[in-house]
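The values are calculated or read from the model by the stated rules, or taken from the named source; none is laboratory data. Since we're looking at a predicted model, the values are computed, not measured. Virtual Cβ from ideal backbone geometry, glycine too; neighbours counted across all protein chains shown. Side chains are part of the model used for accessible areas, which takes the heavy atoms of the whole protein and leaves out ligands, DNA and RNA. Shrake-Rupley method; radii C 1.70, N 1.55, O 1.52, S 1.80 Å.
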Amino acid sequence: MDYFVQILVSGFTFSAMYALAAVGLVLVWGAFNMLNMGHGIIMTLGAYFALMWAELFGFPLVLAAPFAMLCGGIIGAIVYFISAHWMIKQRDFETTIIIATFGLGMAMEAGLLKLLRELFHTSPYAQPLSMGADSFLVATVPVSYQRIIIWGSALFLILLLGLFLRGTKFGRAIRAVAQDRDAARLMGVQVRNVYITVLALASALAGVSGIMLSSFKEIHPLMGGALMLKAFIVIVLAGLGNLTGSLYAALLIGMVEATVKVLIADKYGFTAILILVILALIWKPAGIFGRSTVARQ
Amino acid sequence: MSDALLSIQGVFAGYEGQSVLNDISFDVPEGSLITLLGPNGHGKTTVLRCISGLVKPTKGLIQFDGKRIDGLDAERIVARGVVMIPQGDMLFPEMSVYDNLRMGAYLKHANAAFEQKVEEIYTLLPRLKERTSQMARTLSGGERRMLAIGRGLLSGGRILMLDEPSLGLAPIVIDQIYEIIIDLKAQGRTILLVEENASRIIDLAERIHLVDTGTIVWDGGGKELQSNPQVLETYLGG
């Protein structure tokens, strides 16, 4: 029983972070076949924006996360104008954008390190939004309030995103672009606005998952890389471009990782995920929820 | 300069160095039904894609309502009032019939009148009403074509371009589709129709342009075409 609760508690926490990180990648891939390798550093930046808000400016803590989302969104739009905007009409965009955003991500990372040396002198730093170890007991397992907030906010943000995509005109336009880009243009959808919006949304959500991650460990300039890698694993497992599928995949991967970490050992968590993904892709090469053929136009 | 609503003048276009259109010119006057007729793979679809902005002409001029539209993005051209109902329907497969129709009315002016217009579409195409909450990918071929037409009509443009509306359908369904087109013509809509099958449009079109290897080789009325067996045989295989 204890093990079971323990697995659920940490599994849901992993899942929440992976889901928020992956949903953005899926949206961007769905809208215009862009894999943003700068996603990881944007997560890291999210954590730092929250830190800046609280430590540097001393503004109220409750607004640190919305501030980080706003900044993340702006960075997402900037990433669009620096990279994708100039490349989207070229052939092989899918490949070249990976390389371009990889370079952009490295540049942002280096810039961040430089800036941090000026601003904070020391690193790593503690996440001001962390609530520490305050907790209550389920069976004999302590569950921190921190985790409740993480689950709640992940659920809230994903539901909000779902409502936006299903219930609003612009949300429908985003889905239309993902399903048939040319058809959407023939309806009068300004596809560029869709591209910018999804990148901004994805980056805002990435910022939140960065805050979540840093609330357990500390804020570190290189922390986003591993989380981005897992988000990529999630979307590949689900089948690229499948939003609901990627939520299930995030849940599955989070739970598998937690199970292995609790029952076997911490260090085998990532190994287990990789084995799971390899087996799943042998079984279904296009991903668990992917279409049987991976079509390119 | 020409007074036609849509005017194509000396357009060239191609894909990746391969030329598809070689000096195409024709006019679509307001309120007329003009047809591009010809065998498959000779550029008829490319003409429509050029007009709608999905393909950029390499040379030439396209004017709509007296203003140049070639070189504009597709989303801007449809906002001017040029609506294309594409070949293969290009529906949004993971959206309901109703949501597909709502996408048709995406533009501001169309969106305002959507609630009322969609009822008109449902009257014209009652099958869509029965299927309103069904996913587009679950529709039959004929229903898909009707949805594509309904979605295009909701855009409320001043010219409607239909790319082979009979393609891949059973004869009885083609009859239904052509009844709709005859209806639209009777309402006085301006229509540019691409067809492969001469018999369907010979009595319908005001003017027929025969497209062969990327250029217009003959044009005239339906009667003229019928009384010209040589043209029929050479370009349409009899």
Task: Inter-part distance where the stretch A:44-122 and the stretch B:199-225 are each reduced to a Cα centre, Å - done: 58
TODO: Could you pull the Rg and Dmax for the stretch A:2-283, using just the Cα atoms, both in Å?
DONE: 18.7, 59
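Work out the P(r) tail for chain B: percent of alpha carbon pairs separated by more than 21 Å, whole number.
The proportion of pairs with Cα distances above 21 Å equals 56 percent.
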- [ ] Express in Å², to the nearest 10, the accessible area of B:Tyr15 obtained by rolling a 1.4 Å probe over the protein heavy atoms while all chains stay in place.
- [x] 100
Open item on the list: I want to check the label-to-label distance for A:Phe164 and A:Leu115. Put each point 7 Å from Cα in the C-beta direction and report it in nm to one decimal.
Closed with: 2.2
Task: Under the span-like rule (Cα at least 27 Å along the axis, Kyte-Doolittle mean at least -1.0), DSSP H helices of chain A - done: A:2-32, A:93-119, A:145-167, A:191-214, A:243-263
Task: Kirkwood-based shape ratio for the stretch A:1-144, expressed as Rg/Rh from alpha carbons - done: 1.06
Task: Partner chain coverage, peptide A:188-194 - average Cβ within 10 angstrom - done: 5
- [ ] For peptide B:72-81, compute the average count of partner chain beta-carbon atoms within 10 Å of each residue's beta-carbon.
- [x] 4
Open item on the list: Contact order normalised by length for chain A, with contacts defined as Cα pairs under 8 Å and 6 or more residues apart; what percent is it?
Closed with: 37
- [ ] Mind pulling the angle between the C-alpha long axis of helix B:171-186 and the longest principal axis of chain B? Nearest 10 degrees, somewhere in 0 to 90.
- [x] 90
Task: Two-decimal Rg/Rh across the protein assembly as shown, once Rg and the Kirkwood Rh are taken from alpha-carbon atoms - done: 1.07
Open item on the list: I want to verify the translational diffusion coefficient of the stretch A:136-281 in µm²/s; compute it with Stokes-Einstein, Rh as the Kirkwood radius over Cα pairs, at 25 °C and 0.890 mPa s.
Closed with: 140
TODO: Using only Cα atoms, locate the centre of the stretch B:139-187 and the centre of the stretch A:194-224, then give the distance between them in Å, rounded to an integer.
DONE: 47
- [ ] Report, as a whole number in µm² per second, the diffusion coefficient that Stokes-Einstein gives for the stretch A:111-202 at 4 °C and 1.567 mPa s using the Kirkwood radius over alpha carbon pairs.
- [x] 75
Open item on the list: I'd like the orientation of helix B:114-124 relative to chain B: the angle between its Cα long axis and the longest Cα principal axis, in ° from 0 to 90, rounded to 10.
Closed with: 70
TODO: Over the stretch B:99-238, consider all pairs of different Cα atoms and compute the Kirkwood hydrodynamic radius from their mean reciprocal separation; express it in Å, one decimal.
DONE: 16.6
- [ ] Compare A:Lys217, B:Lys56 by solvent-accessible area with a 1.4 Å probe and give them largest first, with all protein chains kept in place.
- [x] A:Lys217, B:Lys56
